[in-house]
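Novice: What follows is a structure written as structure tokens; I'll ask about it next.
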Ligand SMILES: C[S@@+](CC[C@H](N)C(=O)[O-])C[C@H]1O[C@@H](n2cnc3c(N)ncnc32)[C@H](O)[C@@H]1O
């Protein structure tokens, strides 16, 4: 297995200590999803996590397999759009109420940590689609802090990279070939140029009708251009039995139900491949990954991924829960008490949970190609 390049992400997060897990045999343990692990490189595909019975950390220990994650990012705030404050967090004002997660400093730090988590997951790759290094126009929808767009612009100097979002939370100083616009990806797309590559990551909580967003992406691509989505699907999955009495399981049920009721379900990513094929994309590829909640899996790769995901989730659970649970009638204090218990479950190595992640990419057919 190729070692992930930690230095690439040193500005956003660092992992200290060393993993003690071995590179044990690939698991043949059945999982509760019907997904198949697809090979995604030169034999370096991570397998479905298998349980590490020997080197797990105590369940009151936030360090994983000797690792801990330290965040150290800061983004410059733009004042183009003011924010809306609610329950001590801030939210986007442009198209107010659409997106349920906060946009404040705490959330921005989490997003940058999550960028590092995607980096560890994909072993340093920003994309899996087979794009050309000479590509020209690139769009990153729902770009968040813009960290992916900025790194992509640095790696692809010939590209003009545009990042769009509802929130103006991108830095002011960016590479000359990178820029940001406030834009709603659910509106009709009216960009003046077509794109060679469109990227969208961690969009699972965003859209009412993701298919219409994918259709707009198809129309906005040059013939031969690629769309790539990197996303997760709620609820968490488990191996060795589903812990129905746990707060983690109940929390997943609550937020998935609440999100579906709000009209923006958090279960879309599992359908991306099918939807892209329906729309007319060709050569659509799906690759599956797994984010374990703690040190329960075997192997250095999964322990490292779990270290990042646990930190991401513990930092994010309040922001993820607030809107959806208050809309279901929960009081702030009740939510705080409940998620404190969920946090304990996330660190409990007897609960072998993971979030399924998939990367899906496909190509708009070329002009002389039947799609
Ligand atoms: C979980 S964050 C992911 C950010 C970024 N893609 C990343 O991976 O770091 C989701 C982002 O989508 C943005 N968003 C949500 N709905 C949107 C919409 N309809 N149009 C544009 N951006 C949207 C949010 O403001 C937020 O910044």
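Readers should treat all values here as calculations from the given coordinates under stated rules, not as data from a laboratory. Computed from a prediction, not measured in an experiment: that's the story for all the values here. Here Cβ is always computed from backbone atoms with ideal geometry, including for glycine, and neighbour counts include all displayed protein chains.
Novice: Quick check on my filter: what residues within segment 301-338 are surrounded by 19 or more Cβ atoms within 10 Å (Cβ to Cβ) and more than 19 Å from residue 90 (Cα to Cα)?
Specialist: 301, 302, 303, 304, 305, 306, 307, 308, 309, 310, 311
Novice: OK, next. Which condition number does residue 221 fail, the rest of (1) closer than 18 Å to residue 163 by Cα; (2) surrounded by fewer than 17 Cβ atoms within 10 Å (Cβ to Cβ) being met?
Specialist: (2)
Novice: Still on this structure, I have one more. State whether one or more residues within segment 196-209 are more than 30 Å from residue 255 (Cα to Cα) and either buried (at least 22 other Cβ atoms within 10 Å of the Cβ) or away from the ligand (no atom under 14 Å from the Cβ) (or both).
Specialist: Yes, segment 196-209 has at least one match.
Novice: Quickly run through segment 163-179 and pick out the residues that are buried (at least 23 other Cβ atoms within 10 Å of the Cβ) and either assigned to a strand (DSSP E or B) or more than 11 Å from the ligand (Cβ to nearest atom) (or both).
Specialist: 163, 165, 178, listed by residue number.
Novice: On to the next question. Being in contact with a helix residue (DSSP H, G or I) (Cβ under 7 Å, 6 or more places away or on another chain), under 20 Å from residue 126 (Cβ atoms) and in contact (Cβ under 8 Å) with a residue 60 or more places away in the chain is the filter here; which residues of segment 154-188 pass it?
Specialist: 169
Novice: What residue, among those in segment 180-190 that are crowded, with 16+ Cβ neighbours inside 10 Å and over 17 Å from residue 98 (Cα atoms), is farthest from the chain's Cα centre (by Cα)?
Specialist: 189
Novice: If the Cβ limit is 8 Å and pairs must be 6+ apart or interchain, which residue in segment 98-122 that is over 23 Å from residue 290 (Cα atoms) pairs with which residue that is in a helix (DSSP H, G or I) and near the ligand (Cβ under 9 Å from one of its atoms)?
Specialist: The qualifying pairs do not exist here.
Novice: On the given criteria, is residue 153 under 26 Å from residue 320 (Cα atoms) and either crowded, with 20+ Cβ neighbours inside 10 Å or within 9 Å of the ligand (Cβ to nearest atom) (or both)?
Specialist: Considered against the rule, which asks whether it is under 26 Å from residue 320 (Cα atoms) and either crowded, with 20+ Cβ neighbours inside 10 Å or within 9 Å of the ligand (Cβ to nearest atom) (or both), residue 153 comes out as no.
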